[in-house]
Amino acid sequence: MLAPPWISVPPPGYGGVEAVVSVLTEALVGRGHHVTLFCAPGSTSAARVTNLLSDTHPDEIERSLFEVDHVARAFAEIDRGEHGAFDVVHDHCGFTGLAMADRLDTPLLHTLHGQFTPGTTAFYARHGHKAALVGISRAQLALAPPSLGPLAAIPNPIHLAAWPLQESKEDYVLWVGRFTAEKGPHRAIAAAHAAGVPLVLAGVVQPGQEAFFAREIAPHVDGQRVRFVGEVTGDVKRSLFAHAKGLLMPIRWNEPFGMVMVEALACGTPVIAFPEGAANEIVTDGTTGFLVDDEAAMAEAILRLGTISPRTCRTWVADNVDVDVVAAAYERSYRAVVRPMGRQPVLSA
Ligand code: UDP
């Protein structure tokens, strides 16, 4: 399992890919696989943990210096057989692993974590044939270059047992994310205000987002109708998701997944989303939340949240994105990668 070099696994706070890697790795170990996790320092796992760089780099994400160093050193250790022979390398690490996958004897499966942009589409058209590719939603794969052929989408996993089901809710709606216009925290404020329901905003103001936050968010934060709680983690985060009447997801971009929607549903908290990207695949309108077109419709849907069954939300997660479902799907993909290389699959079911 080749994690990115930026943040430790599991992530101490914000860290979408690292959370996916952590949950999947623990499940695979639990299912009897021998897993080596190449990752940033400070990581913990039931797998064999191998750190390559001496520091994490949370503020230097996508700096090639660190990504190339991390991947090249992982490939060298894999080639030298330092950890035994691998059946498959599961790569979550930006672009380097895929571009160099044909230099490795071990087959590589690369999870596409990002959205396809003109730049990345050209990159994948050029290098995609070097590895097996797996996407994370149909919405994401709809923009994949046709030369890649049909690709499977395996959703990001959640360890459902770690999230509480909370059926009685408190009087607030929740927004969790990065403070960018595409994620829509300012639209969440408008919708909650129109519905007359308090809003809690949680998340990191990342470098480059300060001006947006100062202009669009800060003037509305009054500690009552709009509360800003900063970055949340652990039990505080789970409790915030669990007690909310609903999660607001007023996104305006082709979001390739949207982990916060799954986390809310796991707790029995319905999601009101704009029908963009993977929101269409994660939210079932009228059953696990509502898909609405704008802030006014979102405000109206907030008032209907009580019609959604928390248990139905959680059941959807159990059936579709719990890590056991996802790990089984990845096992099938690993087998498909291992067999064409003429090696005996040793992954146990
Ligand atoms: N997150 C967190 N603390 C925060 C804000 C976000 O732990 O204060 C987590 C959140 O729970 C989710 C991830 O960061 O697991 C964000 O992933 P998502 O797919 O929703 O968004 P993106 O990857 O686009 O930022």
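The values are calculated or read from the model by the stated rules, or taken from the named source; none is laboratory data. These numbers come from a predicted model, not from an experiment. No Cβ is skipped: glycine too gets one built from the backbone with ideal geometry, and neighbour counts run over all protein chains shown. With ligands, DNA and RNA removed, areas are computed over all heavy atoms of the protein, side chains included. Shrake-Rupley method; radii C 1.70, N 1.55, O 1.52, S 1.80 Å.
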For H110, what residues show an amide H to amide H distance below 5 Å, using hydrogens built from the backbone and excluding near sequence neighbours? D91, A132, L133, V134
Inter-label distance, nm, simple model (7 Å from Cα along the C-beta direction), R215/E77: 4.4
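Peptides 21-31, 47-57, 195-205: what's the order by average Cβ count within 10 Å, highest mean first? Walk me through the numbers on the way to the answer.
Details: 21-31: 21.8, 47-57: 16.7, 195-205: 19.5.
Most protected by this proxy first, the peptides run 21-31, 195-205, 47-57.
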At q = 0.21 Å⁻¹, what base-10 log of I(q)/I(0) does the Debye formula yield for segment 104-159 when every alpha carbon is treated as an equal point scatterer in vacuo? -0.77
Across bins of 5 angstrom width beginning at 0, how are the C-alpha pair distances of segment 163-269 distributed, in whole percent? 2, 13, 24, 26, 20, 11, 3, 0
Zone of S168's modelled label, taken as backbone nitrogen in segment 236-251 under 19 Å from a point 7 Å along Cα→Cβ: 239-246
Say R0 is 56 Å: what FRET efficiency, to the nearest 0.05, do R103 and A297 get from their beta-carbon distance? 0.65
Hey, what number do you get for the chain at 222 nm if only DSSP H runs of n ≥ 4 count, each worth -39500 (n - 2.57), divided across all residues, to the nearest 500? -10000 deg cm²/dmol
P(r) of segment 1-140 in 10 Å steps, Cα pairs, percent per bin? 12, 44, 37, 7, 0
Amide H neighbours of H34 under 5 Å, at least 5 residues apart or on other chains, H built in the peptide plane: list them. none
How large is the Kirkwood hydrodynamic radius of segment 72-116, counting all unique pairs of alpha carbons, in Å? 11.0
Give the average over all directions of the projected area of the C-alpha convex hull of segment 68-161, one decimal, in nm². 7.2
Hull surface over four for the Cα convex hull of the chain, reported in nm², is 16.7
Where Cα atoms sit under 24 Å apart: lysine pairs in the chain separated by 8 or more or lying on different chains: 5
Taking the simple approach of a point 7 Å from Cα along Cα-to-Cβ for both R48 and R227, what is their distance in nm? 4.7
Please report, to two decimal places, log10 I(q)/I(0) for segment 134-223 at q = 0.14, 0.15, 0.20, 0.24 Å⁻¹ as given by the Debye formula with identical point scatterers on the Cα atoms and no solvent. -0.77, -0.84, -1.00, -1.10
For segment 124-224, accessible area per residue (1.4 Å probe, heavy atoms of protein chains only), Å²: 45
Cα coordinate range in segment 206-349, projected on the principal axes (Å, largest first): 62, 39, 31
Expected-Rg normalisation [2.2 N^0.38 Å, Cα atoms] applied to segment 92-241: 1.35
